[in-house]
Structures are given as C-alpha cells and as structure tokens.
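What follows is a short report on a single structure.
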4 protein chains.
Amino acid sequence: MIDQSIMRGGIMARARSSKKREDIFQAGLKLFSQHGYSKTTIKDVAEEAGVSFGTVFTYFETKDQLFHACVTEPLVEFREHIMEIRNRLETLTLQQLKQIIDQHVDMFFEKEREIRVIQYVIGQPERFQEMEELDSFANEFTQFIQDIVVIGMKKGFLPNSNPEEVGHGYLAFLMGARLTYTDHKNVQLTNGFKNQALRLFGIGV
Amino acid sequence: MIDQSIMRGGIMARARSSKKREDIFQAGLKLFSQHGYSKTTIKDVAEEAGVSFGTVFTYFETKDQLFHACVTEPLVEFREHIMEIRNRLETLTLQQLKQIIDQHVDMFFEKEREIRVIQYVIGQPERFQEMEELDSFANEFTQFIQDIVVIGMKKGFLPNSNPEEVGHGYLAFLMGARLTYTDHKNVQLTNGFKNQALRLFGIGV
Amino acid sequence: MIDQSIMRGGIMARARSSKKREDIFQAGLKLFSQHGYSKTTIKDVAEEAGVSFGTVFTYFETKDQLFHACVTEPLVEFREHIMEIRNRLETLTLQQLKQIIDQHVDMFFEKEREIRVIQYVIGQPERFQEMEELDSFANEFTQFIQDIVVIGMKKGFLPNSNPEEVGHGYLAFLMGARLTYTDHKNVQLTNGFKNQALRLFGIGV
Amino acid sequence: MIDQSIMRGGIMARARSSKKREDIFQAGLKLFSQHGYSKTTIKDVAEEAGVSFGTVFTYFETKDQLFHACVTEPLVEFREHIMEIRNRLETLTLQQLKQIIDQHVDMFFEKEREIRVIQYVIGQPERFQEMEELDSFANEFTQFIQDIVVIGMKKGFLPNSNPEEVGHGYLAFLMGARLTYTDHKNVQLTNGFKNQALRLFGIGV
DNA sequence: AATGAATGAGTATTCATTCAT
DNA sequence: AATGAATGAATACTCATTCAT
C-alpha cells in the first residue's frame, strides 16, 4: 500500500517529465528543426513519437505550446552550462578559455536540433514572440563572453580588444557555423572553427 | 532556331522585367523573409504587390516557383559582385581586402530579405531542394576567400593561415552576424563586425 | 423472481438516489438548459457537479442517456402535480381554477431549467426522439385542461368555449411565456401572465 | 462596352443577393432550424445548398456569421410587416384587428424556419449574443400591440385591459403556439389559436 | 492579361468513450 | 466505485490552384 502510493506520487510528480511527454517533445524538436513550424503537423509529431495524435494534446495544449517548449526548454541546459563556468571566472587561464571555446563549438554542433529551432525563430523576428526570451539569453551569453575578454586582458593572456565586439562577433560566428555547415561529424571542419573562434579573441594559432 | 531562341529570349526578357513581375517578386521576398514559406499566402503577396490574386499566377506558375525565384535570383547579383573582384585578384592589397570586407558586411546587412530567405532554406536542408544551388554558391564564395588568403600570404600582408578554415569561418561569421542581429542601422555594431571579420584573416585591429 | 426484482429495485433505488447521481443530473440539467446538447461537454458537467470526468460515466452510460434523463425525469414530478388535482376535479370551483393557473404559471417560471431543456427538444422535432414522451405528456396536459373547461362550463363558472382550443391555447401560452421571458423574479410580469391566462378560459379580469 | 459595365455593375451590386448566397442562406436556415447550431455542419449546409463547402466560406466568413444572418435577416421582413400597419393605426377597427391577428398567427406558422431559429437563440440566452437584436425586436412588437390596445379601448371596441399585459401575453402566446405545435397545415388548429388570441384582447368568441 | 469565384485537400483542435489502474 | 490518460472520429476553417469571364 505505502509503496504503491509512493509510486503513484512519483508518477504524478513526474507528470511533466513523463516518458510520453519526452517522446513527444523530442519528436517535435526533430520535426520542427527539419521542416519548420507550419510544415510540421501534429500527426507527424504523433507518428514520430509513437503515440496517437490525440495524446499530443494531452501533454501540450496546442501546437504553439509544443513549439514554444521546443524553443525555450533547451535554453535551461545551455544556461546552466554557461553559469557553471561563470562562477569561477576569476581564475580563468588561456588554457581554460581554449577549453571553453572547444566546448562551445562542440555544443553548437551537437545540439543541432535545439539550435536549428532557435535559429528558425530568430530568423523570423516579426513572426515569433519567443524572441524576447531568446534575446535575453543572447544578452546573457554575450555578457559572459565580454566578462571573459575583460578578465583575459587584465590577466594579460588576451590582446587589447573591444569586449563588446568580441562578444557579438563570437556569438554570430557560432550561430553562423551551425547554420551554414551541416556535417557535424567532420572533425577537420570543427577544428577549423575552433581555430577561427580563437582568432576572434585575438589569439593567433 | 535562332529566331525562336531570340523570341523566347525576348519574351522572357520582357516577362522577367515586367513591372508587375518585379512587384510580385519583391512582395514575395518581403513576406517569405518575414514569415517563411507556409505562413505566406498568395493572397498576402498579391495585396502587398498591389495586384489581384489571380495575377500572381500569371507571372509565377506556382507558389513554389515564386519562392524558388526569391531564393535563387538574388544569387546572380551576389555572384557578379564577387566575380568582378576576382578578375583583379592578382593585384590585391591589404587596403583593398579591408574594402572588400567592408562591402561584404554592408551587403549582408543591407540585403536583409534576400539573405533571410536563403538562411530559411539553409536552415531546413531536409526540406528544400534549392540547397544545391546554394551549396555551389557557398563553395564559390569560400573558394574566393581562400584565393584571397593565398594571395595575401604570398604577398605578405596576411599571416600564415589555413585558407580553407578562413573561408569557412568567414562565411559562417557573415551568415551568423546577419542571422543574429537585426539592427542594420547600428553603425557601431556593423563596425564591430568589420573588425572581428579582419581578425578571422589574422589581422589585429 | 420476487427477490430479483426487489434487488433490482433496490439497486436502482440506490443508484437513482445517490448523491453523486443527483449532482451530475443537476449539473447536466443546468448546462444543457443553458448551452444545449452539443455545446455541453461531459467535462463541463463533471466540473459543475464536482466529480471527476470518469465518474459521470459511472452513473450515465452515455451523454445521450444523461440528456434523456434531464428531459424526461422532470416529467414525473409535473405529472404527479397534475394527477393530484385531476382526482378531485368533480368538485372544482372557479376559485380553485384560479389557484391552479397560479400554480402553473409559477411552476413554468420556477422550473426554468427543466422546461428549457424540454423546449430545446420540442424546438428540434426532426432531431430528437424524446418527442414521443413529450407529446404524450402534452396530450395528457391538454386533456386535463379540456376536462377542466368541460366541468367549468357544466358548473357554469366558465363561459361557452371550445375545450380543445382552450387546452392547446393554454399550453402554448405557458410555453411561450416561459420561452420568451427570462425575468422570473418579476412579480408584475408573472401576475400579468396569470391575468392573460384567465382570459384564455374566457374569464375577464 | 456601356452595357457590359452596367451588367457588371449590376452583378456586383447584387453581390449580397447572389443566387448562391441565397441558396446557402436558405440551406442554413433549414438546417439550423432543424438541428440547431452545433449539429449543423458546414458540409451539410453546402450539400443542401448544392455547392461545395468551400463556397460557403466565400459568402459567409464563418459559420457564426451564417447563423447570425439566419437569425437576424428575417427580422427585416417581420419589421416591415409590423410597420406598415402601424402607420395607419389611428383608423383601426375591430374588423382590422381580427385581420391582423389572423395574419400574425398565419405568419408565425408559415415562417416556421425563421422563427424556430429565433426561438433556438431565445431559449439559450447565456449562449448567444444575438439576444440584443431580438430583444429590441420583441420590444417593438409588444409596443405595437400595446398601441393597438390603447386605440381599441379609446375607440370602444376593446374592453378595459392592461395594455402591457396584453402585449407580453400576446407575444408569448404566438411564440408558444409556434414552438409547441408543428402541424401548420391543420386549419382547425390555427383557427383555434386565432380564437384564443382574440380572447387575450378580451374579445369573447 | 487580369480577375476572383469555386473547389476540396489538408490541418489544428475538440470531445465522447474506453480502459487500465 | 473513481479516476484520467489514450484514442481517433468529426469539424471549422485555410489556401493553392483552376477556370470562366
């Protein structure tokens, strides 16, 4: 009895992270990233997720809400990733900066679907309201890069730079790399991007 | 034979340069770039162009063809822009390279609609076939940049670089800048991008 | 046999008088009378009744059956009301007739929900089968009125009339009053209707 | 040329009264009056009207608008009918009043569909907004009846009455007759209603 | 060439009903 | 008995395309 109620409680508590919700979310992420919002039908999502289409509406009230979830929920993980490093920024070294850049490039290529959906939204600013959440995320990110540049200049491992320019340029660069190049298994390509990213910080290779 | 091709040429030339065709094309470009393919309706295009609904079909057989035109026709102008410089590449100087970069950044920000439509297609490679034409254009462009880097290194005004990396990185950077930043009137922003673009060539500012 | 019927009676008696069944019934009555059949959802009924969605189906197998119950069950009470008087019709006086009319008008205004649902069904005779039960009820009612008219003429307190015409006219009048006027608290209005109802019997006021 | 433009002008001017619009309107009136709003589908209306369902949307933007038209447009004719008499009210005779009542009863039975739709709306006041238009129409009508009563009393062919009570009672009576009795071919029935209607004015038969 | 009415395939969403817990 | 997740039939509405004028 007790076990049962705990189990049930557990299931209920996990309502938001139920297996089916996750399947539907991943299906939406895949299809929205491949075909955009309008071309993706709820029927497609349901089939991809292996549920009936009525079930999609059990977990997401509307197609809009599913899309919104696909755009914004991945930001949480991205944000955590940034914040973790931000807390130990004072002791940053060039070596660590190179690692961070490596991670960024890798992440932008690995999280293909998540970023494609974001780019889809960013590319149609008149159409989507999610922009605000994405804008504030972009601001956080560029601010984070600016902080790094300031620290790097102070510590002497970065040349004299305009932190703001580096922040915006670096974000643009990562976004453009992800948008323009599809072959995320190509190590030579990603290594090239890592080198070029370093140059944006004024570091010759 | 000759007559026919001339006639056809004549008809096409007239058709292609008709005022109404241009209006419809510009309307399509505007709306596709703002709202994507599916969300843009022929009715919207007709209204934006100031023509009647049926007239759109007089100039473009299907919605698909209008979209295809909006994606590929601007490439002609872009290509001309590149080729012109390519012919006098042997005498390139650092000063000229800086000018070229300036022009590139300016063009990517000014041709907002044309490039947004292209990015819309690039961002959904599984969905659109226009990819091939865009791919070959991208290859031309990166090849052009690679040639510049080789010349620059040979002439000594560019540091030792991997030309391919610079080519891909530079294209990615331009695309990302255009995708991520909307405020094309902001001179400070575009100047920043110009500086960062130089850094991709290994030129400190 | 006897046991079984008793048991069945017992079960039905319990089922029919369960608190939850009554709550659901009243919720259905309210919502059907306000929004009609199709616009009322089982979910709405469940919420209004304060029970869970599935519980509605425990007491009424289908939405149809719930609706049917809402239309027909109130007839029982109406019928009792009529029959009670019918048994002592021989001794009817004008005074008593006036009381009966008072009661009828009051009842038609007080039992708003019950009668609205009935009117909803009557108003769509091609759509609902409940019509037969309602028809026979209407016949009973008009017959009842006809009997009154005959008695009244015989006893001399009603003028010469066509009993059938009075019966039909009186039912029509009550129904129309209920349909057309919403303000059942308005005493002036209901008093007016009582006076007019008397006129249908040929009694000046 | 001139003829053509006139013809075209004629066609355009008649846009609201095009044959197809009228067919769709009549189909809607029929089906809404028989099955109510929700149970009537656009597909049904289209089939009944003999057009494709897309065409329904050419003439009525939404199902709501078609319904609204079916409820309110018939009021125009009703209103004209009333107003015509109203203008020559001063010379009213008992004979004419009887004629008016005859016409009212006949009209309420002949315009079955139009009035059923109105009753459907009136019966669900919480649900429909058309109520206001119907309320003001009902007010006009009862006011018209009150005027008649006042004239009749002044001229001496009507007994002392409360005009308001007669107005409301008479409208209720007509509505209820239409609601409750379906057999509009039954002359005996309608004659009965005409007699009863007279009694509401205090006129014995 | 220009127009816009007619068409019907396609889509998001609703909701009665079933059924496992 | 009570619950509510899962299902899919049904429906309003959109919109590219056709075609008669």
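Bear in mind that the values in this text are calculations on the coordinates, not laboratory data. Given the structure is predicted, the values throughout are model-derived calculations rather than measurements. Cβ sites come from the backbone with ideal geometry, for glycine too, and all protein chains shown count toward neighbours.
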- Which of the pairs A:LYS20/B:LYS43; B:LYS43/D:LYS43; B:LYS39/D:LYS63; C:LYS194/D:LYS98; D:LYS43/D:LYS185; B:LYS39/B:LYS194 have their Cα atoms more than 28 Å apart in this structure? A:LYS20/B:LYS43; D:LYS43/D:LYS185; B:LYS39/B:LYS194
- Query: How far is helix B:63-86 tilted, in degrees, relative to the longest principal axis of the Cα atoms in chain B, given as a value from 0 to 90 rounded to the nearest 10?
  - Reply: 30 degrees
- For residues of B:186-195, the mean tally of beta carbons on other chains within 10 Å: 3
- Query: So, in Å, what gap is there between the alpha-carbon centers of the range B:147-190 and the range C:47-100?
  - Reply: 83 Å
- Within 10 Å of the Cβ of an average residue in B:152-161, the count of other chain Cβ atoms is 1
- Item | Top of B:GLU114, B:GLU140, B:GLU84 by mean-square fluctuation, Gaussian network on chain B, Cα under 10 Å | B:GLU84
- Query: Based on Cβ point charges of +1 for Lys and Arg and -1 for Asp and Glu, what charge dipole magnitude is obtained for the protein assembly as shown about its Cα centre, in debye rounded to the nearest 20?
  - Reply: 220 debye
- Can you tell me the Rg and Dmax of the protein assembly as shown, counting just the alpha carbons, in angstroms? 40.0, 129
- Message: Tell me the relative contact order for the range C:142-201 as a rounded percent, counting alpha carbon contacts under 8 Å between residues six or more apart.
- Response: 36 percent
- Which whole-Hz ³J(HN,Hα) couplings does the range D:172-182 yield from phi under the Karplus relation 6.51 cos²θ - 1.76 cosθ + 1.60, θ = phi - 60°, glycine and proline marked x? 4, 4, 4, 4, x, 4, 5, 5, 8, 10, 9
- Item | Rounded to whole Hz, the Karplus (6.51, -1.76, 1.60) HN-Hα couplings of the range D:146-161, x for glycine and proline | 4, 4, 4, 4, 4, 4, x, 5, 4, 7, x, 8, 10, x, 4, 9
- Query: For the range A:72-156, what is the charge dipole size about the Cα centre, in debye to the nearest 20, if Lys and Arg each add +1 at the Cβ and Asp and Glu each add -1 at the Cβ?
  - Reply: 460 debye
- Note on the structure: Projected onto the charge dipole of the protein assembly as shown (unit charges on the beta-carbon of Lys, Arg, Asp and Glu, signs +1, +1, -1, -1), the Cα from D:ALA197, D:PHE32, A:GLN146 with the largest positive-side position is that of A:GLN146
- Which whole-number percent gives the relative contact order of the range D:102-205, counting Cα pairs below 8 Å spaced six or more residues apart? 32 percent
- Item | chain C - mean residue ellipticity at 222 nm from DSSP helices (-39,500 (n - 2.57) per run, n ≥ 4, rounded to 500) | -26000 deg cm²/dmol
- Query: Expressed as a rounded percentage, what relative contact order does chain D have, with Cα pairs under 8 Å and six or more residues apart?
  - Reply: 19 percent
- Query: Any idea what the D:GLU84 label distances to the other copies are, label 7 Å down the Cα→Cβ vector, nm, shortest first?
  - Reply: 5.0, 7.8, 8.5
- With Cα springs under 10 Å, the Gaussian network model of chain A assigns the largest mean-square fluctuation among A:LYS111, A:LYS63, A:LYS39 to A:LYS39
- Dipole in debye (nearest 20) - chain B, about Cα centre, beta carbon charges: Lys, Arg +1; Asp, Glu -1: 400 debye
- Shielding by partners, peptide D:30-42 (average Cβ within 10 angstrom, other chains): 3
- Task: Could you work out the mean projected area of the convex hull around the alpha carbons of chain C, in square nanometres to one decimal?
- Result: 14.0 nm²
- Which ³J(HN,Hα) values, rounded to whole Hz and listed in residue order, are derived for the range B:95-110 from phi using the Karplus coefficients 6.51, -1.76 and 1.60 in 6.51 cos²θ - 1.76 cosθ + 1.60 with θ = phi - 60°, glycine and proline given as x? 4, 5, 4, 4, 5, 4, 4, 3, 4, 4, 4, 4, 5, 4, 7, 6
